[in-house]
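First comes the structure, then the notes that go with it.
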Amino acid sequence: MKKYCAAVMLVLFIFPMCSQKEEGLTGDPGGSMVVGTTDLPTILSPLSPSMFSSNDILDLLFMHMHRVDPATGKMKPELASSWEFSEDLTSVTYYLRKDATWWDGQPVTAEDVYYTYRVMIDPEIQYPNIARLRFIKDVEIVGTHAVKFSFDRVYADLLTDSDIMVIPKHLHEQAGESFGTELIMGNGPYQVVEWVPGEAITLLANENYYRGKPPLDEIIIQHYTDTDEMVNDFLNGDLDAVLNISPEHAGTMQANDNITVEAHPGNTYTYVGWNLEHPFLNDRDIRRAMSMAINTERILDDVFSGMGTVSLGPLTPSSWGYDNSVSRLPYDVSEAQRILREKGFLDRNRNAVIEKDGQEFALTVITNRENPQRVRILELVAEDLRRIGVRVNTRYLATDAFIRSVLNKEFDGFIMGWSIDEKIDPTIYWSSEVSKGIFNFVSYNNGTVDSLMDVGVAMVNRKKAKEVWSEFQKTVYNDQPYTFLIVADDIAAYNKRVKGVERSLTLTSAYTYYIPEGERRVAVAALSTPSVTDTALNVSPPVERGTAEVESLTEKPPQVVAPEKLLEAAARKDTTAAGQDTTATEPAIMPVPPPKPSVITRASPVKQIAPKYPESARPIGATGRVVVRVVVGTDGKVRTASIVNSFGNPACEAAALEAARLWEFDPATKDGVPFEQQLAIPFDFRP
């Protein structure tokens, strides 16, 4: 069949079929970087991406088929060196690079891609993003390094939906559910050597990465449950960078000349959703008047310290479909009062509450009490609406009660947020068809919006699709079924010794970062550079699927889960949730209280043997580090030992293995019961 390359690629804004060799990674080699974050997944597997935490760390461990260049917004090759579309645009064939290998040295093949897809669509796996695969009709192997994806329709997001992170067939078949916990095997620029969920993850550079070994030898990701503690450690010099910080913390750092504070537009818009079945709120003019009475600039300054933007509708500035020319409603209390008077609302009883036809304008507005930002937003919204004579009853509910109230429409207004992905498909939030708009809690009904969504999702040409999404954004914003409030910035900070940060600091791009040798820290508090006398962090304590993972002897505060994340997680697991008919009228979502955390203790060495420097290595002065991974049995003995990382001297490797096998430990325990545990032991060799 005839293939189209350049013409098709121009239409779809994708990388041309002809392959180009990527530049190698640059930057001073060596050293380590320690990153603090409050947001890490508890399973490190593409099959189990977290719905509640950032999955950026997976981008360091596993390669995508391709990735979006943040500078140009266009697709660039990664695992696939090139790709081509069929003549009718219903299939795409990926040609995998032949120099990509798993960390164990096995090549990445088309069989791995096919196997990954089959596992993802297996109902028993419950892949969280299964809805993104619903238009894929078939996947077939067409060569050792070539795989073909076929679709049941032509649309703009063919490449986005087929961009799966691949897992190794030969190991996943053995590991099963333990893949991502007890066994982690990827093909990305860094590999996991030490991991204690809830505490820290240590990554070592992959010397066999197709673009070359990343500059940093080591990246340590330290997990915090207390943002104040994380920021204090950063300001004290114990961390090189911090993620997920609040505007308040960012403000305290901006005066420090050694720190770069970085904020970029987030992908979540916060809003007040109005119940359009309310006799007053079903009038668009009244909703617009209420939105004009709410001072969004004050919310931005008071709650977010100015770090964000005022929302202009159901898309965010981070989205390719966003239109920044949408005319924003002004903050105008006088005009809002004029509109309400024109609609027949007056304060006839002189009690500061307007009424119409003998009914007071009284609203009950709810949010979840675990989110201090939204609690404060509700206070400000209530204050503004009372100023125009609307009585507001505020209710601050626990997350489970809040979700029940939203699902049952037991509200006049509610404060929440929705996130916008790279792929735009807002059907579940805005469709007037009950079977499609499962999260249309406000009962919004606009046939034009329904049509625009149907057309936009199916369009091939993104330039034309952007025009459709612009009209969608303008129409919804004009109707004001929500009072659109704020799109908060994502904020991070890093010490200026960290180099190579081009656009924004993220874990996704950490493989390009480096720290000049003269600026590296000698030691890190509580995370000192390991030696033969140090106990390495746990690589993978056994974690049962669905259990809480708090591996500390002291009680930690529970992580706050945003209600919308619970709702969106359920929608992603539903293959029919967006754009297909279903008889379901509401998602079966109820937060389940987490089980009591297990107490896990790491294996600790009671007998440590330092390797002897090999005489055969002395004439050449061989110097470097060998990292040995060991499995410690329930009796504390080393069961197996293997080389994880090395500087390439066989004699030193043999000496390291011999020494590691002689180590003895107090075994690891979970709730007092011993279990096998993997550890990484680093040995430094010098003449």
Can you name the residue in segment 305-346 that is acidic (Asp, Glu) and surrounded by fewer than 14 Cβ atoms within 10 Å (Cβ to Cβ) and is also nearest to THR475 (Cα to Cα) among such residues?
-> ASP332
Spans of strands (runs of 3 or more DSSP E) in segment 605-687 with at least 1 residues of a type outside the set (Asp, Glu), outside the structural domain of PRO197 (by TED's automatic domain parsing) and under 17 Å from GLU207 (Cβ atoms) = 624-632, 638-645, 677-685
Run GLU433 past the list (1) over 25 Å from the mean Cα position of the chain (by Cα); (2) surrounded by 16 or more Cβ atoms within 10 Å (Cβ to Cβ); (3) not in a helix (DSSP H, G or I) and report the number of the one that doesn't hold.
-> (2)
Flagged in segment 435-444 as of a type outside the set (Gly, Ala, Ser) and more than 25 Å from LYS466 (Cβ to Cβ), in numbering order, are ILE438, PHE441, VAL442
Since GLN174 meets every condition but one in (1) farther than 28 Å from MET453 by Cβ; (2) more than 24 Å from the chain's Cα centre (by Cα); (3) touching a residue at least 24 places away in the same chain (Cβ under 8 Å), which condition does it not meet?
-> (3)
Selection count, segment 254-282, where residues are out of contact with any Leu (no Cβ under 9 Å at 6 or more places or on another chain) and closer than 23 Å to LEU378 by Cβ = 7
Scan PHE151, PHE179 and give me the residue that is closer than 30 Å to VAL455 by Cβ and in contact (Cβ under 8 Å) with a residue 12 or more places away in the chain.
-> PHE151
Taking segment 125-145, which residues are of a type outside the set (Lys, Arg), assigned to a strand (DSSP E or B) and surrounded by fewer than 18 Cβ atoms within 10 Å (Cβ to Cβ)?
-> ASP138, GLU140, ILE141, VAL142, GLY143
Only one residue in GLU277, GLU229 is exposed (fewer than 15 other Cβ atoms within 10 Å of the Cβ) and touching a Ser or Thr at 6+ places or on another chain (Cβ under 6 Å), so which one is that?
-> GLU277
Inside segment 232-245, the number of residues satisfying the requirement of being of a type in the set (Gly, Ala, Ser) and surrounded by 19 or more Cβ atoms within 10 Å (Cβ to Cβ) is 1
Filter segment 148-200 for residues that are among the hydroxyl-bearing types (Ser, Thr, Tyr) and part of a loop (DSSP other than H, G, I, E, B); the one that is nearest to GLY31 (Cα to Cα) is THR181
Pick from ALA622, ALA641: which is in contact (Cβ under 8 Å) with a residue 60 or more places away in the chain and among the small types (Gly, Ala, Ser)?
-> ALA622
Does MET33 qualify as being modelled with pLDDT of 85 or more and not in a loop (DSSP other than H, G, I, E, B)?
-> yes
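The values are calculated or read from the model by the stated rules, or taken from the named source; none is laboratory data. As the structure is a prediction and not an experimental result, all values here were calculated from the model. Cβ: placed from backbone, ideal geometry, glycine included. Neighbour counts: every protein chain shown.
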